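Notes for the one structure printed next.
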Amino acid sequence: MKVGLLSDTHGYLDQSIFKYFEDCDEIWHAGDIGSMDIADQLSNFKKFRAVYGNIDGNTLRQIYPEELIFEIEGLKVFIKHIGGYPPKYNHDLRNRLDILKPDLFICGHSHIVKIIKDPERKLLHINPGASGKHGFHHMRSIIRFGISGGQLENLQLIELGKRA
């Protein structure tokens, strides 16, 4: 199983993403999609899983949930747009993680790439940064990885170019 992961498109979809995600089985979006057009392009390309973010309007919020929890290839995944990072989760999220016990927690929102092990909760935290042009980040980014036997493999950070 190969996954393409992105976040914070904010209404801009770099067309090179289709090349980078060509061999992926699924695309996961960690929120702030920005427009139905982007969601449609991605869902017409590959199996698409997404959560809405704080900038997403009613249409996207009616189609995509605030959080996703699923198991795939033996890996329990939890995706939510606003999440912080270990150990700086807010109280509610910390409790939610302790109850759900995911192997992989994915969030967006900060526009900062983070791949951090959380030894206390025995999970991997990933924030793919922002792939769109809106925000304070300098470099637009996405992530690609495989899942096999409940483990991530071949994790790759891909830089799409400067934001401006």
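The values are calculated or read from the model by the stated rules, or taken from the named source; none is laboratory data. In this text the structure is predicted, and so the values were computed from the model without any measurement. Ideal geometry is used to build each Cβ from the backbone, glycine not excepted, and the neighbour counts take in all protein chains shown. The area values use the complete protein model at the heavy-atom level, side chains included, leaving out ligands, DNA and RNA. Shrake-Rupley method; radii C 1.70, N 1.55, O 1.52, S 1.80 Å.
Details
- With DNA, RNA and ligands ignored, accessible area of MET1 (1.4 Å probe; Å², nearest 10): 60 Å²
- Backbone HN-Hα couplings from phi across the range 46-54 [Karplus 6.51/-1.76/1.60, Hz, Gly and Pro as x]: 8, 4, 10, 10, 8, 10, 7, x, 5
- Among the protein heavy atoms, those of GLU73 account for about 100 Å² of accessible surface (1.4 Å probe, every chain in place).
- A simple count of charges around SER110, restricted to other residues whose Cβ falls under 15 Å of its Cβ and scoring Lys, Arg +1 and Asp, Glu -1, yields +3.
- Couplings 3J(HN,Hα) of the range 18-34, computed from phi: 5, 6, 5, 9, 4, 8, 7, 7, 9, 10, 10, 10, 8, x, 6, 5, x Hz, in residue order, whole Hz [Karplus 6.51 cos²θ - 1.76 cosθ + 1.60, θ = phi - 60°; x for Gly and Pro].
- 3J(HN,Hα) from dihedral phi, the range 106-122, Karplus parametrisation 6.51/-1.76/1.60, rounded to Hz, x for glycine, proline: 10, 9, x, 6, 6, 6, 10, 5, 9, 10, 9, 7, 10, x, 5, 9, 6
- Counting only alpha carbon atoms, the long axis of helix 36-45 and the longest principal axis of the chain meet at about 80°.
- When the chain is treated as a GNM with alpha-carbon contacts under 10 Å, the residue of PHE78, PHE48, PHE70 showing the greatest mean-square fluctuation is PHE70.
- Once the C-beta distance of ILE99 and ILE72 is scaled by a Förster radius of 22 Å, the resulting FRET efficiency is 0.65 to the nearest 0.05.
- With Cα atoms defining each centre, the range 140-163 and the range 36-83 are spaced 17 Å apart in the structure.
- Within the straight-line cut-off of under 13 Å between alpha carbons, the aspartates and glutamates reachable from LYS122 are ASP98, ASP103, sequence neighbours fewer than 8 places apart in one chain being disregarded.
- Secondary structure note: in the chain, about 65% of the DSSP beta bridges are antiparallel.
- Residues whose amide H lies under 5 Å from that of ILE112, counting only those 5 or more places away or on a different chain, are GLY129; hydrogens are built 1.01 Å from N in the peptide plane.
- The long axis of helix 91-100 is offset from the longest Cα principal axis of the chain by roughly 70 degrees.
- Contour excess over end-to-end distance, with Cα ends at LYS162 and ASP37 and 0.36 nm allotted per residue: 42.7 nm
- Sites matching chymotrypsin sites (Phe, Trp or Tyr not before Pro) across the range 86-164 that sit in DSSP coil, with at most 14 neighbouring C-beta atoms within 10 Å: PHE136
- Residues whose placed amide H lies under 5 Å from that of PHE48, excluding near-sequence neighbours: ILE27
- Sequence-distant residues sharing a close amide H with ILE106 (under 5 Å, placed H): PHE78, ILE79, LYS80, ILE126
- Förster radius 25 Å - calculated FRET efficiency between GLU26 and ASP118, Cβ distance, rounded to 0.05: 0.60
- Stokes-Einstein diffusion coefficient of the chain, Kirkwood radius over Cα pairs, 25 °C, 0.890 mPa s, in µm²/s: 158 µm²/s
- Trypsin sites (Lys or Arg not before Pro) restricted to DSSP loop in the range 111-164 with at most 10 other C-beta within 10 Å: LYS122
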